[in-house]
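Asker: What follows is a single structure, and I will ask about it in a moment.
The values are calculated or read from the model by the stated rules, or taken from the named source; none is laboratory data. Every value quoted in this text rests on a predicted model; they were computed, and no experiment measured them. Here the Cβ positions follow ideal geometry from the backbone for every residue, glycine too, while neighbour counts run over all protein chains shown.
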Amino acid sequence: MADNGAALPLFASDPVAAAILAVAFLAVVLSELWIGRTHPGAGSHRDGWTGAAVGLGLLVAYVGGATVSVLVSATVITDGAWWLFGAGIAVAAAGQVLRLRAVHELGASFTFQVQTVEGQHVVDTGLYRRIRHPSYTGALICALGFTVAYTNWLAPLTVLGLAAAYVVRIPHEERVLVEGLGDPYRQYMHRTRRLIPFVL
């Protein structure tokens, strides 16, 4: 990283980068709205406070990461900034595509809220063959991609807030699923990982 004084991240200094980032972010927001409209959920919600934690984690990653990138100029990356920006946008797109695929594969069982519904069964094919929460994996990858595109060394660290929220939410969600789906879900848990195949 060069000595860049009061440098600004690429998205704050180049209107083309700002436009690309805005379009990419809008695409993610619209896709999430589509998920919400097509998977409204049914039955009683049992999010507790974990839904709010995830929302806060997303805010910290996306807004906090951008804010830190502008305010802390000492860690702005200027050398190869466009390459890094492009790589970040590509990673974000890949993460959101992964999330959308996970939602599609889970079908009517997917909702934003923690719940089970009558007739729900364990989905263990496709992305769900190896990991139990690929939509969360996709969300983390997407957030990481955006923070890389912020072209500041500190920005990706803000994704840790979202990761911490999922660390809290996932065990809570799995307890609800075990209560609702019973032994089939317990057996599924034994042969899969939560977020990364064979690792985590």
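Asker: Can you give me the number of residues within segment 63-114 that are more than 17 Å from L154 (Cβ to Cβ) and among the aliphatic types (A, V, I, L, M)?
Answerer: So the count comes out to 15.
Asker: Given (1) of a type outside the set (S, T, N, Q); (2) surrounded by 14 or more Cβ atoms within 10 Å (Cβ to Cβ); (3) under 15 Å from the mean Cα position of the chain (by Cα); (4) in a helix (DSSP H, G or I), identify the lone condition not met by L160.
Answerer: With respect to (1) of a type outside the set (S, T, N, Q); (2) surrounded by 14 or more Cβ atoms within 10 Å (Cβ to Cβ); (3) under 15 Å from the mean Cα position of the chain (by Cα); (4) in a helix (DSSP H, G or I), L160 is out only on (2).
Asker: Scan segment 9-51 residue by residue and report those that are within 26 Å of V167 (Cα to Cα), among the hydrophobic types (A, V, I, L, M, F, W, C), at pLDDT 85 or above and in contact with a helix residue (DSSP H, G or I) (Cβ under 9 Å, 6 or more places away or on another chain).
Answerer: Of everything in segment 9-51, those that are within 26 Å of V167 (Cα to Cα), among the hydrophobic types (A, V, I, L, M, F, W, C), at pLDDT 85 or above and in contact with a helix residue (DSSP H, G or I) (Cβ under 9 Å, 6 or more places away or on another chain) turn out to be F25, V28, W34, I35.
Asker: If only one of R169, R129 is more than 21 Å from S31 (Cβ to Cβ) and of a type in the set (D, E, K, R), which one is it?
Answerer: R129
Asker: Also, I was wondering about something else. Restricting the search to segment 170-200, which residues are touching a strand residue (DSSP E or B) at 6+ places or on another chain (Cβ under 8 Å) and closer than 19 Å to A53 by Cα?
Answerer: Result: R194, L195.
Asker: Give V123, V199 a once-over and let me know the one that is over 26 Å from L59 (Cα atoms), touching a helix residue (DSSP H, G or I) at 6+ places or on another chain (Cβ under 7 Å) and either outside any helix (DSSP H, G or I) or among the aromatic types (F, W, Y) (or both).
Answerer: Of the residues listed, the single one that is over 26 Å from L59 (Cα atoms), touching a helix residue (DSSP H, G or I) at 6+ places or on another chain (Cβ under 7 Å) and either outside any helix (DSSP H, G or I) or among the aromatic types (F, W, Y) (or both) is V123.
Asker: Does at least one position in segment 163-174 carry a residue that is in contact with a helix residue (DSSP H, G or I) (Cβ under 8 Å, 6 or more places away or on another chain), part of a loop (DSSP other than H, G, I, E, B) and either surrounded by fewer than 21 Cβ atoms within 10 Å (Cβ to Cβ) or at pLDDT 90 or above (or both)?
Answerer: The first filter runs over segment 163-174 and keeps only residues in contact with a helix residue (DSSP H, G or I) (Cβ under 8 Å, 6 or more places away or on another chain), leaving 163-166, 168-170, 172-174.
From what is left, the residues that are part of a loop (DSSP other than H, G, I, E, B) are none.
No, segment 163-174 has no match at all.
Asker: Out of segment 68-85, which residues are surrounded by 14 or more Cβ atoms within 10 Å (Cβ to Cβ) and assigned to a loop (DSSP other than H, G, I, E, B)?
Answerer: Within segment 68-85, V72, I77, T78 qualify.
Asker: So the check is Cβ under 6 Å with 6+ separation or different chains; which pairs have a first residue in segment 86-115 that's at positive phi and surrounded by fewer than 19 Cβ atoms within 10 Å (Cβ to Cβ) and a second one that's assigned to a helix (DSSP H, G or I) and at pLDDT below 90?
Answerer: Qualifying pairs under 6 Å: none.
Asker: Out of V199, V168, V178, which single residue is touching a residue at least 60 places away in the same chain (Cβ under 8 Å), among the aliphatic types (A, V, I, L, M) and on the phi < 0 side of the Ramachandran plot?
Answerer: After ruling out the rest, the residue left standing is V168.
Asker: Still on this structure, please answer the following. Return yes when G65 is at pLDDT 95 or above, crowded, with 20+ Cβ neighbours inside 10 Å and in a helix (DSSP H, G or I) and no when it is not.
Answerer: So G65 fits the description; yes.
Asker: Right, something else. Can you name every residue in segment 147-161 that is of a type in the set (A, V, I, L, M, F, W, C) and closer than 25 Å to Y128 by Cα?
Answerer: Matches in segment 147-161: V159, L160.
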